[in-house]
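J.: Quick one: the structure is below, and I'll ask about it shortly.
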Amino acid sequence: MPTKFLIKGPTRLYGTVDVRGSKNAALPILAATLLTKDRCVIDNLPLVSDIYLALDALKGMGARVAWTGLRRVSIENTHIDPKGLRRDIVKKMRASILFTGPLLARFGAIEEMHYPGGCSIGARPIEAHLAAFVDLGAEVRRDKKSFSISISAEDAVSSPHAVVLSEFSVTATENILMFLSAAAYKKSIRIAAAEPHVIDLAKFLSKMGAKIKGAGTSRIDVYGTKLLKGVTYKIVSDYIEAGTFLIMAAACGGELKITNAPISHLDLVIKKLASGGAKINIDEKSQSLTIRTVKRMRLDKIQTLPYPGIPTDLQPILGVFASQTYGKTLIHEALYEKRLESLKELTKMGARVEILDPHRAHVGGPTRLKGGEVHAYDLRSGAALIVAGLVAYGTTIVHGARHVERGYEDLDGRLRKVGAEIKRI
Ligand code: EPU
């Protein structure tokens with residue numbers, strides 16, 4: 001089993017890449033299929049390990065899962081036993097927390113669910129999730145390893161009209177949205193996350209029969225129903241993947257066309273790159289972006305924020321780009337405490353990085369990066385180090401390919417088609 005990427009650089013990228021479905025939209029939608037006993041068909045799934053794990057988790061609970069196309073799966077959750085939720089999967093995958101909302105809606109209780117594992121990019125507590133369920137009237141019991149939740153229909157009905165989240169948490173918003181969609185009353189979620197994957201989940205739940213208003217804003221009104229039905233649904237294109245290719249092309253140079261790009265989800269990223277000097281041609285009609293770079297690009301400040309701010313998931317990749325632009329870039333990672341680690345890794349390849357505190361760093365440029373041996377410790381740092389390998393002179397080895405495989409489908413194969421010298425070893 002190959003565990004590393006070997007990259008020879010520098011490379012310019014020429015050609016076309018097609019963006020796959022959004023992993024972070026697909027994960028809650030797969031969990032939301034638990035809200036009905038009918039068959040659901042989910043299309044445009046990215047073929048990545050997190051999706052296979054989520055499907056295995058469903059199968060463990062009794063779901064009948066069948067692939068009916070290359071990226072299309074049919075799921076029947078007629079007979080489900082929540083005790084079948086595999087601990088090893090829960091511990092491996094942060095997104096396993098997304099089973100909480102649907103299982104609670106369906107069974108009224110969850111017993112001893114292990115805390116989710118996943119990427120090591122910061123504390124990422126599940127307080128926002130649990131506190132919101134408590135506000136809805138749930139009783140939560142916790143010990144060191146697991147938590148249990150129970151909620152009766154009456155408690156949920158008499159709880160306050162609005163659930164106010166403690167921060168703009170993406171998966172907490174999704175959990176509460178799924179729970180409320182199957183409840184027979186109206187409630188609002190305030191301080192809701194507005195990410196495109198939250199909107200996609202809301203579209204899926206609406207198609208199932210829930211009435212949802214305001215998805216994509218900080219207040220979502222949900223009029224749930226006990227009669228959610230099975231539907232066929234196509235997952236939205238992944239704006240993080242599109243953004244990854246865009247920034248990668250800006251860093252490497254050349255001319256890259258990105259098709260199936262959800263352009264409106266990338267407003268600020270496109271604005272930043274264009275104002276730094278990249279030539280970006282936007283074709284709204286065909287949903288494609290073509291990027292061409294010029295000499296002497298700049299990138300003054302990157303501050304990650306909840307959507308529609310610069311996504312934290314693109315910050316490590318923007319950090320590599322910053323090492324190729326003129327002048328000093330301030331990177332302000334407002335969300336995670338440990339997501340500047342990939343910048344530290346980049347210094348092994350010669351990048352000029354000054355970590356100011358756990359949330360801020362300066363990256364100086366342009367720097368002629370040199371090939372080296374580096375370690376990915378999460379999905380996005382893995383993508384960033386691949387970009388560094390493409391930009392750098394010589395051979396780079398990126399350890400931790402499994403992190404990249406969690407969220408980018410056949411990244412090396414697709415990059416080879418646009419001129420990269422990259423393979424898994
Ligand atoms: N945070 C704040 N303030 C806020 C909102 C969040 O400081 O207003 C902090 C949190 O405390 C936490 C971090 O930001 O440390 C992320 O919080 P959130 O709860 O929103 O993250 P999540 O729901 O666990 C999802 C994605 C992540 C993505 C984050 C942020 C899924 C399955 N996961 O995680 O995706 O980084 O939102 O956008 O949707 C990835 O795909 O590589 C990934 C890690």
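The values are calculated or read from the model by the stated rules, or taken from the named source; none is laboratory data. Values in this document were obtained by computation on a predicted structure and should not be read as measured data. Neighbour counts are summed over all protein chains in view; Cβ atoms, including those assigned to glycine, are modelled from backbone coordinates with ideal geometry.
J.: Mind listing whichever residues of the range 318-339 are farther than 19 Å from Tyr14 by Cα and part of a helix (DSSP H, G or I)? It would help to see each step written out before you state the result.
T.: If we filter the range 318-339 for residues that are farther than 19 Å from Tyr14 by Cα, which is where we start, we get 318-320, 322-323, 325-339.
Result: Leu318, Gly319, Val320, Ala322.
J.: Considering each residue of the range 197-222, count those that are under 19 Å from Ala128 (Cβ atoms), surrounded by fewer than 24 Cβ atoms within 10 Å (Cβ to Cβ) and away from the ligand (no atom under 16 Å from the Cβ), and give that number.
T.: Total satisfying the criteria: 1.
J.: Go through the range 284-297 residue by residue and tally those that are farther than 15 Å from Val269 by Cβ and not polar (S, T, N, Q).
T.: Here the count works out to 6.
J.: Do the conditions hold for Lys295, that is, is it more than 12 Å from the ligand (Cβ to nearest atom), surrounded by fewer than 17 Cβ atoms within 10 Å (Cβ to Cβ), outside any helix (DSSP H, G or I) and over 20 Å from the mean Cα position of the chain (by Cα)?
T.: It is true that Lys295 is more than 12 Å from the ligand (Cβ to nearest atom), surrounded by fewer than 17 Cβ atoms within 10 Å (Cβ to Cβ), outside any helix (DSSP H, G or I) and over 20 Å from the mean Cα position of the chain (by Cα).
J.: Give me the strands (runs of 3 or more DSSP E) completely within the range 1-65, filtered to those with at least 1 residues that are closer than 20 Å to Val231 by Cα, ordered by residue number.
T.: 39-43
J.: Moving to a separate point now. Tell me, please, whether a residue that is part of a strand (DSSP E or B), surrounded by fewer than 23 Cβ atoms within 10 Å (Cβ to Cβ) and over 23 Å from the mean Cα position of the chain (by Cα) can be found in the range 396-417.
T.: The answer is yes; a qualifying residue exists.
J.: Please go through the range 238-256 and pick out each residue that is assigned to a strand (DSSP E or B) and touching a helix residue (DSSP H, G or I) at 6+ places or on another chain (Cβ under 6 Å).
T.: Across the range 238-256, the qualifying residue is only Leu256.
J.: Pro262: touching a Leu at 6+ places or on another chain (Cβ under 8 Å), within 18 Å of Pro196 (Cβ to Cβ) and within 16 Å of the ligand (Cβ to nearest atom), yes or no? Lay out the reasoning, then the answer.
T.: On the way: touching a Leu at 6+ places or on another chain (Cβ under 8 Å): no; within 18 Å of Pro196 (Cβ to Cβ): yes; within 16 Å of the ligand (Cβ to nearest atom): yes.
The answer is no for Pro262.
J.: Within the range 280-290, can one find any residue that is without any contact (Cβ under 8 Å) to a residue 60 or more places away in the chain and closer than 29 Å to His375 by Cβ?
T.: Of the range 280-290, the ones without any contact (Cβ under 8 Å) to a residue 60 or more places away in the chain are 280-290.
From the residues that got through so far, the ones that are closer than 29 Å to His375 by Cβ too are none.
No: zero hits.
J.: Somewhere in the range 361-374, is a residue within 14 Å of the ligand (Cβ to nearest atom), within 19 Å of Gln315 (Cα to Cα) and not aromatic (Phe, Trp, Tyr)?
T.: Within the range 361-374, not a single residue is within 14 Å of the ligand (Cβ to nearest atom), within 19 Å of Gln315 (Cα to Cα) and not aromatic (Phe, Trp, Tyr).
J.: Going through Val41, Val19 one at a time, which residue ends up being crowded, with 19+ Cβ neighbours inside 10 Å and modelled with pLDDT of 95 or more? I'd like the intermediate steps shown before the answer.
T.: Working: Val41 fails: crowded, with 19+ Cβ neighbours inside 10 Å.
The unique qualifying residue is Val19.
J.: Under the condition of being β-branched (Val, Ile, Thr) and not in a strand (DSSP E or B), which residue from the range 215-237 is farthest from Glu167 (Cα to Cα)?
T.: Among those residues, the one meeting the criterion is Val231.
J.: In the range 200-252, which residues are aliphatic (A, V, I, L, M) and either more than 21 Å from the chain's Cα centre (by Cα) or on the phi > 0 side of the Ramachandran plot (or both)?
T.: Selection gives Met208, Ala210, Ile212, Val222, Leu227, Leu228, Val231, Ala250, Ala251.
J.: Kindly indicate which of Tyr52, Tyr14 is surrounded by fewer than 24 Cβ atoms within 10 Å (Cβ to Cβ) and within 29 Å of Thr290 (Cα to Cα).
T.: Tyr14
J.: Can you tell me which residues in the range 315-347 are surrounded by 24 or more Cβ atoms within 10 Å (Cβ to Cβ), within 10 Å of the ligand (Cβ to nearest atom) and in contact (Cβ under 8 Å) with a residue 60 or more places away in the chain?
T.: Gln315, Pro316, Arg339
J.: Mind listing whichever residues of the range 126-179 are out of contact with any strand residue (DSSP E or B) (no Cβ under 8 Å at 6 or more places or on another chain), within 14 Å of the ligand (Cβ to nearest atom) and more than 16 Å from Phe99 (Cα to Cα)?
T.: Within the range 126-179, Ala131, Ser166, Glu167, Phe168 qualify.
J.: Sticking with this one: Examine the range 275-284 for a residue that is modelled with pLDDT under 95, assigned to a helix (DSSP H, G or I) and either away from the ligand (no atom under 16 Å from the Cβ) or among the small types (Gly, Ala, Ser) (or both), and state whether such a residue exists.
T.: Yes, the range 275-284 has at least one match.
J.: Applying the selection to the range 87-104, what residues are away from the ligand (no atom under 16 Å from the Cβ) and modelled with pLDDT of 95 or more?
T.: If the condition is that a residue be away from the ligand (no atom under 16 Å from the Cβ) and modelled with pLDDT of 95 or more, then Leu103, Leu104 are the ones that fit.
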